[in-house]
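First comes the structure, then the notes that go with it.
The values are calculated or read from the model by the stated rules, or taken from the named source; none is laboratory data. As the structure is a computational prediction, the values presented were derived from the model and not from experiment. Here the Cβ positions follow ideal geometry from the backbone for every residue, glycine too, while neighbour counts run over all protein chains shown. For accessibility, only protein heavy atoms count, side chains too; no ligands or nucleic acids. Shrake-Rupley method; radii C 1.70, N 1.55, O 1.52, S 1.80 Å.
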Amino acid sequence: MEESVDCSSFVQDVYRSMGILLPRDADQQELAMNHSVSLEGLNTDARYQKAAEAPVGALFFKPGHVMLYLGKDAKGTPLAIHSASSYFTFSGNKSKKHYIRRVLVSDLSYQNGKAVRTIDGMTSIGSCF
């Protein structure tokens, strides 16, 4: 299997290239944001609205994972770039884990092993600017 940099290291490298130093760990990066919007208690539509309102370059956080917001596609769907090790597909009540270990651009609808969409697992949106 190919190896890739993890999510927090990827974001750290991107921000460092702009002269912004971030901690190494995704959870510590979340705490280091100058401006942060909590997504606690929001339904899916409200979460998508907050994501769409974020400035390009903001960071999207979920426990143990961080993604860099790229903006919206032509349909208005928020997109993020991140380093991901795996994703899940579902058939009936069974899930299958697929290892990818790559930097990729995705929307926020992909699911974890418990069938929770990324948007619904996000804890906050943060930025340093």
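Quick notes on this structure:
- Sorting R47, R16 by solvent-accessible area of protein heavy atoms yields R16, R47, largest first, with a 1.4 Å probe.
- Dipole of segment 52-99, positive direction: furthest Cα of S85, G57, A74, with charges on the beta-carbon: S85
- Helix-only [θ]222 nm of the chain, DSSP H runs n ≥ 4, -39500 (n - 2.57) each, per residue, nearest 500: -6000 deg cm²/dmol
- Selection from G126, Q111, V37, by position along the positive dipole direction of the chain (Cβ): Q111
- Extension gain, Q111 to L31, is 26.4 nm, computed as 0.36 nm per intervening residue step minus the present C-alpha separation.
- Cross-link reach is defined here as a Cα-Cα straight distance under 21 Å, omitting same-chain residues fewer than 8 places apart; for K72 the lysines meeting it are K50, K62.
- Full-stretch length increase - F129, L21 - with 0.36 nm per residue and alpha-carbon distance subtracted: 37.6 nm
- Cα-centre dipole for the chain with unit charges at Cβ (Lys and Arg positive, Asp and Glu negative), debye to 20: 400 debye
- Summed residue charge, Cβ within 12 Å of A32's Cβ, Lys/Arg positive, Asp/Glu negative: -2
- In the set (1) 41, 40, 23; (2) 80, 43, 19; (3) 45, 36, 28, the label that goes with Cα extents along the principal axes in Å computed for this structure is (3).
- Rounded percent of accessible protein surface that carbon and sulfur make up, the chain, 1.4 Å probe: 51 percent
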